[in-house]
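Visitor: One structure, pasted below without further comment.
The values are calculated or read from the model by the stated rules, or taken from the named source; none is laboratory data. As the structure is a prediction and not an experimental result, all values here were calculated from the model. Cβ: placed from backbone, ideal geometry, glycine included. Neighbour counts: every protein chain shown. Note: accessible area is taken over every heavy atom of the protein model, side chains too, but ligands, DNA and RNA are not part of it. Shrake-Rupley method; radii C 1.70, N 1.55, O 1.52, S 1.80 Å.
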Amino acid sequence: MDRIAITGGAQLNGVIPVSGAKNSAIKLMAASLLTDEPLRLTNMPRLADTRFLGKLLTRLGVSVTESDGPDGQQTILHAPEITSGFAPYDLVRQMRASFNVLGPLVARSGQAKVSLPGGCTIGARPVDLHLQALEALGAKIDLHEGYVYAQAPRGLKGAEIVFPIVSVGATEHAMLAAVLADGVTVIRNAACEPELVDLQECLNAMGAKVEGAGTPTVTITGVARLKGATHSVIPDRIEMGTYAVAAAMAGGEVRLTNARPELIESLSVKLEEAGATVVRTEDGVIVKRNGSRLNAVDIETAPFPGFATDLQAQFMALMTTANGESHIRETIFENRFMHAPELMRLGADISVHGGEARVRGVAQLEGAEVMATDLRASVSLVIAGLVARGETVVSRIYHLDRGFERLEEKLGACGAQVRRIKGDGEPEL
Ligand code: UD1
């Protein structure tokens with residue numbers, strides 16, 4: 001399998017265009033199941049995760065065509081009819097968000113059989129809230145042998161859905177199902193992430209009536225059918241934040257474009273507190289650090305607009321060489337510090353106690369062989385490698401390929417010494 005080698009020490013200087021958001025793109029792709037007309041998504045990232053979902057959607061009857069359109073990378077998804085309501089384990093297991101096809105399938109064709117996704121390295125990640133939402137909308141749900149059987153032969157019915165905790169995926173899933181329900185659905189304690197607003201905009205362009213996304217209450221007035229539309233995927237705030245941290249780590253000056261500064265404001269504030277300069281621009285941010293060592297600052301992850309859990313690993317990498325001691329609290333997922341022991345292989349001084357990590361900054365990291373454990377953790381190792389003395393080799397980078405488009409190219413264009421070592425196809429032990 002491929003690995004990535006980074007030779008530390010180079011500053012980053014240049015421009016990095018931010019891609020469309022993976023986490024949004026995969027929910028928007030699922031929306032194509034709701035209409036018999038084509039959905040054209042522009043600003044589409046090309047990632048392993050979008051490919052996985054494309055494969056699953058194709059099995060369900062959607063034609064998925066990727067091309068370079070007049071406005072950049074696009075994917076056209078067209079489901080004249082749903083030819084199968086079955087999402088097998090081998091496809092859902094590869095990417096949890098595939099589970100979000102369940103709601104649209106039931107909404108459009110009255111039934112579906114979708115594999116439970118199972119846990120993942122960052123925690124148990126149950127789907128009880130997703131199922132609670134679909135049941136509230138009138139679907140009959142049965143669980144057998146690892147599969148969810150959902151039925152609503154006479155269609156879904158609008159309802160009040162009150163989530164006991166905030167879940168991005170469950171809120172999106174409820175929206176995707178309720179747009180074709182009969183009557184009004186009100187989702188309370190909804191997640192407020194920008195990707196929800198993006199989904200609302202896309203669904204409304206398709207003829208849905210959704211309002212309130214981005215606030216804790218989302219109201220959906222069901223419609224009988226949806227039509228085709230063109231929608232541009234929101235910029236990837238996690239990719240943007242990752243390169244902002246990389247620039248602060250390596251030093252230099254990086255301009256992030258094709259994005260929006262408010263998407264990473266909670267991170268920008270922390271970068272400034274640590275001593276980096278962040279200039280908000282019309283289409284992104286400029287991050288600069290010239291010479292001086294950063295100061296340790298504390299973070300606590302929280303739902304948007306709080307500090308994103310998907311940027312926690314990257315920020316921990318940044319703190320490994322800061323001056324002083326930083327406390328990093330993870331409140332969203334219960335097991336999201338697997339990057340800590342890998343960063344310690346590079347010489348970082350980190351101790352983890354439950355949901356909190358204490359990072360004491362060291363003067364210099366040393367290159368080593370490390371292993372990616374999940375998507376965001378893997379990029380934190382690349383960030384650490386940017387300043388480690390000598391060479392850092394990150395293995396199991398299929399995690400990285402799930403969510404970062406052309407990472408070596410984007411960092412390399414700014415002067416980083418990053419190269420991909422092609423594997424021999426053999427799985428790593
Ligand atoms: C999404 C993002 C992920 C991000 C996360 C939090 C995608 C593809 N992934 O994941 O990158 O880190 O939001 O911003 O968009 N929970 C339950 N029951 C459920 C659903 C969730 O207990 O039915 C719990 C989870 O275990 C977790 C918390 O709720 O502790 C929040 O998870 P959720 O917001 O649902 O995350 P995802 O949508 O899976």
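Visitor: Give the residues of segment 331-355 that are of a type in the set (D, E, K, R), open to solvent by 50 Å² or more (accessible area, probe 1.4 Å) and within 15 Å of residue 371 (Cα to Cα), sorted by residue number.
Guide: Across segment 331-355, the qualifying residue is only 345.
Visitor: Show the residue pairs meeting these rules: Cβ distance below 6 Å; 6+ apart or different chains; first residue within segment 107-118 and farther than 11 Å from residue 177 by Cα; second residue aromatic (Phe, Trp, Tyr) and surrounded by fewer than 20 Cβ atoms within 10 Å (Cβ to Cβ).
Guide: 113/86; 113/147; 113/149; 115/89; 115/147
Visitor: Contact list please: Cβ distance under 7 Å, first residue in segment 252-271 and assigned by TED's automatic domain parsing to the domain that holds residue 292 and in a strand (DSSP E or B), second residue open to solvent by less than 10 Å² (accessible area, probe 1.4 Å) and among the hydroxyl-bearing types (Ser, Thr, Tyr), pairs at least six apart or on different chains.
Guide: Pairs that qualify, where the first residue is assigned by TED's automatic domain parsing to the domain that holds residue 292 and in a strand (DSSP E or B) and the partner is open to solvent by less than 10 Å² (accessible area, probe 1.4 Å) and among the hydroxyl-bearing types (Ser, Thr, Tyr), are 254/243; 256/243.
Visitor: Is it true that residue 185 is open to solvent by 30 Å² or more (accessible area, probe 1.4 Å) and either more than 18 Å from residue 129 (Cβ to Cβ) or in the same structural domain as residue 30 (by TED's automatic domain parsing) (or both)? Working first, answer last.
Guide: Numbers: open to solvent by 30 Å² or more (accessible area, probe 1.4 Å): no; either more than 18 Å from residue 129 (Cβ to Cβ) or in the same structural domain as residue 30 (by TED's automatic domain parsing) (or both): yes.
In short, no.
Visitor: Mind listing whichever residues of segment 306-323 are away from the ligand (no atom under 16 Å from the Cβ) and in contact with a strand residue (DSSP E or B) (Cβ under 8 Å, 6 or more places away or on another chain)?
Guide: Of all residues in segment 306-323, those away from the ligand (no atom under 16 Å from the Cβ) come to 317-323.
Listed by number, the residues that qualify are 319, 320, 322, 323.
Visitor: Right, another one. Name the pairs whose Cβ atoms lie under 6 Å apart, with the first residue in segment 137-155 and at positive phi, the second open to solvent by 70 Å² or more (accessible area, probe 1.4 Å), and 6 or more positions between them or separate chains?
Guide: Listed by first residue and then by second, the contacts come to 138/157; 155/182.
Table: residues versus (1) among the basic types (Lys, Arg); (2) touching a strand residue (DSSP E or B) at 6+ places or on another chain (Cβ under 9 Å); (3) not in a helix (DSSP H, G or I).
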position: 334; (1), (2), (3): no, yes, yes
position: 380; (1), (2), (3): no, no, no
position: 401; (1), (2), (3): no, no, no
position: 411; (1), (2), (3): no, yes, no
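Visitor: Moving on. Search segment 287-305 for residues that are within 14 Å of the ligand (Cβ to nearest atom) and pair each with any residue that is open to solvent by less than 60 Å² (accessible area, probe 1.4 Å) and of a type outside the set (A, V, I, L, M, F, W, C) when their beta-carbon atoms are under 7 Å apart and the residues are at least 6 apart or on different chains.
Guide: 301/309; 301/312; 301/330; 304/193; 304/194; 305/266
Visitor: Restricting to segment 137-148, what's the tally of residues that are over 14 Å from residue 127 (Cα atoms) and modelled with pLDDT of 95 or more? Working first, answer last.
Guide: Let us first name the residues in segment 137-148 that are over 14 Å from residue 127 (Cα atoms), namely 137-140, 144-145.
Cutting the leftovers down to modelled with pLDDT of 95 or more gives us 137-140.
Qualifying residue count, segment 137-148: 4.
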